[in-house]
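So the structure is just underneath, and the comments pick up after that.
The values are calculated or read from the model by the stated rules, or taken from the named source; none is laboratory data. This structure is a prediction, so every number in the text was calculated from the model and none was measured. Cβ coordinates were reconstructed from backbone atoms using ideal geometry, including for glycine residues, and neighbour counts include every protein chain displayed. Areas reflect the complete protein model, heavy atoms only, side chains present, ligands, DNA and RNA absent. Shrake-Rupley method; radii C 1.70, N 1.55, O 1.52, S 1.80 Å.
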Amino acid sequence: MPRVIDVPTDDRQMGVEECASAIAAIGFDPACPGMVDEVAGLLRALGANRTFLGDGLVELLAESGKGETPQSAYSPQSIMLTSPRNGFFLRANIWPSEQDSCFRRSGAHNFAYGAAHDHNFDFLTYGYFGPGYRSDYYEYDYHTVTGYRGEPVGLRFIERSALSPGRLMHYRAHRDVHAQLPPDSLSVSLNVMACEPAQGWHDQYGFDLTRGTVSRVLNSGSTETLLRIAVALGDEEGVGLAEDWGRNHASDRIRLACFEARALAAHDPSNRDTIWREAERSGSLLVKKEAELRRRESA
Ligand SMILES: [Fe+2]
């Protein structure tokens, strides 16, 4: 499960910019435990500041009232506190309880509750406000997983615990898996999020806890979407690119997306079947397993 970090108590309080500048000066290399602990101390100093988030939200609401685009939009429950810099950014995350109206209106799935997943990035999290979301924690070995739907991954249950106030944890990329449960009342966590350019090429998975398998890849990117559009529009170069990348691209996920784009654009079921048969012989285990699934699903 994520590493719980015990930061020695001190009186430091920081604002967002002060905290971000201090982290940028140290750097945030998640592979270096000493550096992670130092950054955790700075995150706690931000967490000791009990007014910055409320003040920031008031400012944000005042800006949106003037018709200006909020600069911190990230997702309905996330607030980007800083832009990415030096391999990290700061974020606040809001976790509604079952009693909150947004939960009742939107449902648990819109807040990722109950959906077991790993992360393709490291991050630190701090329980800032409220009792904190709860999680069932698991671990698995990313390097033994190909990533096709239905693949057994040997999830190991570790424990259920809450991100209680003041708790600091380091979620490790491609290792820690959690399925979150709503907190007893509205809660907020603060994060130092690692970000690096190659991140998007590493898969983030959703898991089926009943079967102990991969349920889907969560981080398909814009390249996959653009491929689908180019091929669906029937552009000759787009189709040629999909055929070429399907055979040769360095990323198995892009190779699969190429076959998907071609199969989606094929109106005739027998043409679709021919494309997936070709995919089965692609030499990629991920593409082969997914192709077998698609042929079974359409049989
Ligand atoms: Fe998560």
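Looking only at residues of the stretch 4-52 that are open to solvent by 80 Å² or more (accessible area, probe 1.4 Å) and among the basic types (Lys, Arg), we find that the one that is nearest to ALA116 (Cα to Cα) is ARG50. Here the condition is being open to solvent by 40 Å² or more (accessible area, probe 1.4 Å) and either under 22 Å from CYS32 (Cα atoms) or touching a residue at least 12 places away in the same chain (Cβ under 8 Å) (or both); of ARG104, ARG91, ARG134, it holds for ARG134 alone. Screening the stretch 177-207 for residues that are charged (D, E, K, R) and surrounded by fewer than 16 Cβ atoms within 10 Å (Cβ to Cβ) and picking the one that is nearest to TYR138 (Cα to Cα) gives ASP184. Is one or more of the residues making up the stretch 40-62 over 19 Å from LEU81 (Cα atoms) and assigned to a helix (DSSP H, G or I)? No, that holds for no residue.
For the stretch 257-267, a residue qualifies if it is open to solvent by less than 70 Å² (accessible area, probe 1.4 Å) and more than 15 Å from LEU241 (Cβ to Cβ), and the qualifying residues are ALA263, ALA266. The combined condition, being surrounded by fewer than 18 Cβ atoms within 10 Å (Cβ to Cβ), under 30 Å from ARG296 (Cβ atoms) and more than 16 Å from the ligand (Cβ to nearest atom), is fulfilled by PRO152. Every test in (1) open to solvent by less than 10 Å² (accessible area, probe 1.4 Å); (2) within 16 Å of the ligand (Cβ to nearest atom); (3) farther than 25 Å from VAL36 by Cβ is passed by GLY147 save one, and that test is (2). In the stretch 116-137, how many residues are more than 13 Å from the ligand (Cβ to nearest atom) and touching an Asp or Glu at 6+ places or on another chain (Cβ under 6 Å)? Residues meeting the conditions: 1. Let me confirm something: among GLU278, GLU290, which residue is acidic (Asp, Glu), modelled with pLDDT of 95 or more and open to solvent by 40 Å² or more (accessible area, probe 1.4 Å)? Criteria check complete, one pass: GLU278. Apart from one condition, LEU218 fits all of (1) more than 16 Å from the ligand (Cβ to nearest atom); (2) in contact with a strand residue (DSSP E or B) (Cβ under 9 Å, 6 or more places away or on another chain); the exception is (1). Using the structure shown, decide if HIS174 is within 30 Å of CYS19 (Cα to Cα), open to solvent by less than 40 Å² (accessible area, probe 1.4 Å) and either among the aliphatic types (A, V, I, L, M) or within 16 Å of the ligand (Cβ to nearest atom) (or both). It is true that HIS174 is within 30 Å of CYS19 (Cα to Cα), open to solvent by less than 40 Å² (accessible area, probe 1.4 Å) and either among the aliphatic types (A, V, I, L, M) or within 16 Å of the ligand (Cβ to nearest atom) (or both). Residues considered: THR223, THR210. Of these, the only one that is open to solvent by 30 Å² or more (accessible area, probe 1.4 Å) and not in a helix (DSSP H, G or I) is THR210.
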